[in-house]
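Laboratory data are not the source of any read-out in this text; all were calculated from the coordinates shown. Because the structure is predicted, anything quoted here is derived from the model rather than measured. Positions of Cβ are generated from backbone atoms using ideal geometry, with glycine treated the same way; all protein chains shown enter the neighbour counts.
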Amino acid sequence: MSAGSEFDVEDALRRVADIHAQVARSSFFRGYRAEIAVGQAILAFGTASVEWIYWAALDAQGHATIWLAVALACALASLVDLALRRRSLPRALTRLAALQLTPALAVGLALAPLLWDRAELLPGIWTMLFGVGLLSSAPYLPGHIRLLGLFYLAAGAVMAHAAGIGLSSPWPMGLTFCGGQLVAAAILREIQVSPAASQQQTSSPPNTSDD
């Protein structure tokens, strides 16, 4: 094989890889917005801060109730945002992405009354289930979301174990979701920006040179 034909094959493979990357980016679900994730991070940190002030007056059920309310508020904010932008989102992809999170969220709600006598375990279990939901959503989001899902799984396991042996504090839950949702915002920002970057690359003329 001549050097020229070898160069042609490498160039063709590179172009195929670029096209595949652009197609993958275009298939990401862009319904979740970075701004909502940042708001959720701020809410998580603020909740932990307020809990820390009144921690001596809270029991395990109170702690679980507060974070259940936070979770419902975050879910409601995401749902309202999706509803307001539903006309600009692909309906089929929106439905598929939502279905990935639904089972984990439903299990979390179902476990609350079953484990209410061991409510100290619920925040850790909910965190693990949220990680499962993120891992299920991985096909519709950038690959980094898998690492974030694993982070939530590991953090939830540590929280549940610590609560099981009597260690309690509002900060593990607050810092886990504050940090995790800030990372999620960075990931979501990446796919919000990537379509414009891809379009610029596609519209720019190819660089040709005569040897």
Study note, to complete from the structure: Residues MET128, MET159 in order from fewest to most other beta-carbon atoms within 10 Å are MET128, MET159
Review point. So what is the relative contact order of the range 43-172, in percent, for Cα pairs below 8 Å that sit 6 or more residues apart?
Key: 30
Point to revise | Theoretical gain in end-to-end length, VAL158 to TRP171 [0.36 nm per residue, Cα-Cα removed] | key: 3.4 nm
**Study point:** Exposure proxy order (Cβ contacts within 10 Å, fewest to most) of SER49, SER137
**Key:** SER49, SER137
Exercise for review: Would you work out which of LEU141, LEU153, ILE66 lies farthest towards the positive end of the dipole of the range 11-199, given +1 charges on the beta-carbon of Lys and Arg and -1 on that of Asp and Glu, about the Cα centre?
Suggested key: LEU141
Check your understanding: Zone of LEU89 (label point 7 Å along Cα→Cβ, backbone N under 12 Å): which residues in the range 51-80?
Key -> 76-80
Point to revise | Given charges at beta-carbon only (K, R positive; D, E negative), |dipole| of the range 76-199 in Debye | key: 520
Study note, to complete from the structure: Surrounding charge for GLY39, neighbours by C-beta under 15 angstrom, Lys/Arg +1, Asp/Glu -1, total 0
Exercise for review: With r as the distance between the Cβ atoms of VAL107 and VAL50 and R0 = 41 Å, compute the FRET efficiency 1/(1 + (r/R0)^6) and round to 0.05.
Suggested key: 0.90
Check your understanding: Sorted from fewest to most neighbouring beta carbons within 10 Å, what does the list THR102, THR176, THR65 look like?
Key -> THR102, THR65, THR176
Check your understanding: Using alpha carbon coordinates only, what is the Rg to Rh ratio of the range 51-177, with Rh defined as the Kirkwood radius?
Key -> 1.01
Check your understanding: What order do you get for 40-47, 144-151, 88-95 when each peptide is scored by the mean count of other beta carbon atoms within 10 Å, highest first?
Key -> 40-47, 144-151, 88-95
